[in-house]
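Undergrad: Sharing a structure with you now.
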Amino acid sequence: MPRPRPGVLVCDAYWRKTLVAIRALGRAGERVVAAERTASAPGFFSRHARARVVTPSPARAPEAFIDSLLDAARRHACDVVLAGEEDTCATLLRFRSRLDPGLRLCLGPAGGFFSLSDKSRLPELAAAAGVPIPATRCPKSGEEAGRMAAAEGARPGGAGWRIKPRRGSGGRGQRRAAGAATAGAIWESVHEISPGPILQEEVPPGGPTLGASVLIDESGALLAGFAHRRLREYPVEGGSSTLRESVAAPELIESAARLCRAAGWAGLAMAEFKQDPRTGTFFLLEVNPRLWGSLDCAIEAGVNFPALAVRWARGDPPAPVPPYRPGVRTRWLLPGDLLHGAARLARGEWPADLFRPHGTRSLDEMLDADDPRPAFALVPALAALWGVPEWRERGDRLVRGRG
């Protein structure tokens, strides 16, 4: 009897991007085992998940999580681990030496991961890669944050400021300071939740926000690239995209690749850029060296990043990727786009664009006629957002619309 094909152990099966990865891997012929810390994970209900594993929390019980993952990989004959969340990736990298020799990660060197994930390191990396970045400062107190904002604001064209946690993405935990007078107090409020936030000058509104996604190998070669433009987002003033469209942006894809090379990173990454409408320059906002929220758009446009990353992790050079299709749109309706619309209604705007045809393959990333069961798990999944301690604050911010 032939041996079963090695499986891919996909962690973080709760999140949209990971459900998208499970489906993409299953459709590429991979045998998928889904893992998460709650049995309410939508990814558990996908027909592409051949087995399901409930694990301890990688953030709260990292060693128990690794033990559980090793046991699952042995029982289900998995040879690759793919993770989507920062805490999970960080735990896997910290305990990499404990993994079985035949168990591979879709992750490059730990140093590159932690450098790209740390927003305080981005100015140094951007300078090495020749990528423009807004004025970014690392104050040690609210008083110092206020002084820095006042000094920078004195320059011609000085804009407002974003106070950002050093780690995290999608606008989570960010606060806006309209001027230097409030920057110090807002820095202190973010510092209480996430110590040592950065102070970053805002790029003036009016220009598009683009994401450039890449898969880089150990030599720094670009194995696959993709770019998308945000059309809507939640929170409205800076958060995760709720409607996005594939676009041709080879210069930004190359900029993202250079950032990975500067950090010594191999694997998946998505760099976010915003254009200054006054000059046309695209400024780097952040880099996420892992799966990203708009992953579905890349896959629908023709770049199956999860399948390519698994092949790379196994040491099988992926075949050349054909050019992807510009103009492909995907949407996060439940609850992202609905919350976007509610936020605009609260400001006195009528969000008519929410009801226009938008050309996506479906109403929502989770709604899939070929794999419908995860959509029915949405309500219990949202309830679980408050049941997992490290997710509770994220759920609270989602409802309040604060980044």
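The values are calculated or read from the model by the stated rules, or taken from the named source; none is laboratory data. None of the values given here were measured: they were computed from a predicted structure. Methodologically, a virtual Cβ is constructed for each residue, glycine included, from the backbone with ideal geometry; neighbour enumeration extends over all protein chains shown.
Undergrad: Out of everything in the range 66-98 that is in contact with a Lys or Arg (Cβ under 8 Å, 6 or more places away or on another chain) and assigned to a helix (DSSP H, G or I), what residue ends up being surrounded by the fewest Cβ atoms within 10 Å (Cβ to Cβ)?
TA: Leu70
Undergrad: What residue, among those in the range 10-36 that are in a helix (DSSP H, G or I) and aliphatic (A, V, I, L, M), is farthest from Ser294 (Cα to Cα)? Step through it out loud before you land on a result.
TA: First, pick out the residues of the range 10-36 that are in a helix (DSSP H, G or I): 16-27.
Still in the list and also aliphatic (A, V, I, L, M): 19-22, 24-25.
Details: Leu19: 12, Val20: 10, Ala21: 11, Ile22: 14, Ala24: 14, Leu25: 16 Å.
Filtering first and then ranking leaves Leu25.
Undergrad: Is it true that Glu245 is crowded, with 20+ Cβ neighbours inside 10 Å, more than 21 Å from Ala83 (Cβ to Cβ), of a type in the set (Asp, Glu) and not assigned by TED's automatic domain parsing to the domain that holds Gly179? Talk me through it step by step, then tell me what you get.
TA: Details: crowded, with 20+ Cβ neighbours inside 10 Å: yes; more than 21 Å from Ala83 (Cβ to Cβ): yes; of a type in the set (Asp, Glu): yes; not assigned by TED's automatic domain parsing to the domain that holds Gly179: yes.
Considered against the rule, which asks whether it is crowded, with 20+ Cβ neighbours inside 10 Å, more than 21 Å from Ala83 (Cβ to Cβ), of a type in the set (Asp, Glu) and not assigned by TED's automatic domain parsing to the domain that holds Gly179, Glu245 comes out as yes.
Undergrad: Also, quick follow-up: Among the candidates Asp368, Asp316, Asp364, which residue alone is surrounded by fewer than 20 Cβ atoms within 10 Å (Cβ to Cβ), in contact (Cβ under 8 Å) with a residue 12 or more places away in the chain and in a loop (DSSP other than H, G, I, E, B)?
TA: Exactly one residue qualifies, and that residue is Asp368.
Undergrad: Moving on. What pairs can you find where one residue is in the range 255-271 and touching a residue at least 12 places away in the same chain (Cβ under 8 Å) and over 10 Å from Pro109 (Cα atoms), the other is β-branched (Val, Ile, Thr) and surrounded by fewer than 24 Cβ atoms within 10 Å (Cβ to Cβ), and their Cβ atoms are less than 8 Å apart, with a gap of 6+ or different chains?
TA: From residues that are touching a residue at least 12 places away in the same chain (Cβ under 8 Å) and over 10 Å from Pro109 (Cα atoms), the pairs are Ser255/Val131; Arg258/Val131; Leu259/Val131.
Undergrad: Quick one: which of Ala180, Ala185 is at pLDDT below 90 and not assigned by TED's automatic domain parsing to the domain that holds Trp332? Step through it out loud before you land on a result.
TA: Working: Ala185 fails: at pLDDT below 90.
Every option except Ala180 fails the conditions.
Undergrad: Restricting to the range 171-205, and then to whatever is in a helix (DSSP H, G or I), of a type in the set (Gly, Ala, Ser) and buried (at least 20 other Cβ atoms within 10 Å of the Cβ), can you tell me which residue is nearest to the chain's Cα centre (by Cα)? Steps first, please.
TA: Here is the first cut: in the range 171-205, the residues in a helix (DSSP H, G or I) are 180-193.
If we keep only those that are of a type in the set (Gly, Ala, Ser) too, we end up with 180-181, 183-185, 189.
Those still in the list that are buried (at least 20 other Cβ atoms within 10 Å of the Cβ) too: 180, 183-184.
Numbers: Ala180: 30, Ala183: 26, Gly184: 28 Å.
If we take residues in the range 171-205 being in a helix (DSSP H, G or I), of a type in the set (Gly, Ala, Ser) and buried (at least 20 other Cβ atoms within 10 Å of the Cβ), then Ala183 is nearest to the chain's Cα centre (by Cα).
Undergrad: Continuing with the same structure: Only one residue in Asp364, Asp296, Asp353 is out of contact with any helix residue (DSSP H, G or I) (no Cβ under 8 Å at 6 or more places or on another chain) and either over 24 Å from Pro205 (Cβ atoms) or assigned by TED's automatic domain parsing to the domain that holds Ala249 (or both), so which one is that?
TA: Just one listed residue meets the conditions, Asp353.
For every residue, the table says whether it meets (1) in contact with a Leu (Cβ under 8 Å, 6 or more places away or on another chain); (2) at pLDDT 85 or above.
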site	(1), (2)
Ala313	yes, yes
Gly327	no, yes
Pro335	yes, no
Arg356	no, no
Asp368	no, yes
Phe376	no, yes
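Undergrad: With the requirement that a residue be among the small types (Gly, Ala, Ser) and more than 15 Å from Arg261 (Cβ to Cβ), what does the range 119-133 give you? Before you say what the answer is, go through the steps one by one.
TA: Of the residues in the range 119-133, the ones among the small types (Gly, Ala, Ser) are 120, 126-130.
Result: Ser120, single match.
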